[in-house]
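Worksheet: one structure, shown below.
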């Protein structure tokens, strides 16, 4: 019950950030997409926690990435990006190491910690990225 209260307070706090609630505004659209993203991330994390007891993290991760690929592949045909060889190499590195392996380890970690704790830790990722970028 306390989680619902905290989520409601957080949602109301986000609403105060929006000066005017208009769907034509980029700020409002960004906030709405952010809320949808957070909600779907929470559902995904809870499902991961449920299924990690039955299946290996690599199997769960494989199917998640397969679904994401199926959903996102049409955007390649709509956007028609120009790929260079370095882009392809970097995408392979990003996809295997920083997405596939990292996400599989994250799912595996859900065996030992609460989903809420894992969500808090993963939400700090942008902070780590900014700190590391300072030293780059």
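The values are calculated or read from the model by the stated rules, or taken from the named source; none is laboratory data. Quick caveat, the model's predicted, so the values are computed rather than measured. Quick reminder, even Gly has a Cβ in these numbers, built from the backbone with ideal geometry, and neighbours come from all protein chains shown.
Things to note:
- Restricted to segment 91-136, the set of helices (runs of 4 or more DSSP H) holding at least 2 residues that are closer than 17 Å to residue 60 by Cβ comprises 102-109, 115-123.
- Summed over segment 57-105, the residues that are closer than 29 Å to residue 121 by Cβ and free of Cβ contacts under 8 Å to residues at least 40 places away in the same chain give a count of 25.
- A single member of 72, 66 is surrounded by 10 or more Cβ atoms within 10 Å (Cβ to Cβ) and assigned to a helix (DSSP H, G or I), and it is 66.
- Matching residues in segment 43-72 - criterion: being under 20 Å from residue 8 (Cα atoms) and touching a helix residue (DSSP H, G or I) at 6+ places or on another chain (Cβ under 7 Å): 45, 46
- In the condition set (1) closer than 23 Å to residue 115 by Cα; (2) without any contact (Cβ under 8 Å) to a residue 40 or more places away in the chain; (3) exposed (fewer than 10 other Cβ atoms within 10 Å of the Cβ), residue 19 is compliant with all but (1).
- In segment 75-90, the residues that are in a loop (DSSP other than H, G, I, E, B) and at pLDDT 90 or above: 84
- Taking segment 75-99 as the range and being surrounded by 11 or more Cβ atoms within 10 Å (Cβ to Cβ) and under 23 Å from residue 118 (Cα atoms) as the test, the residues that pass are 94, 95, 96, 99.
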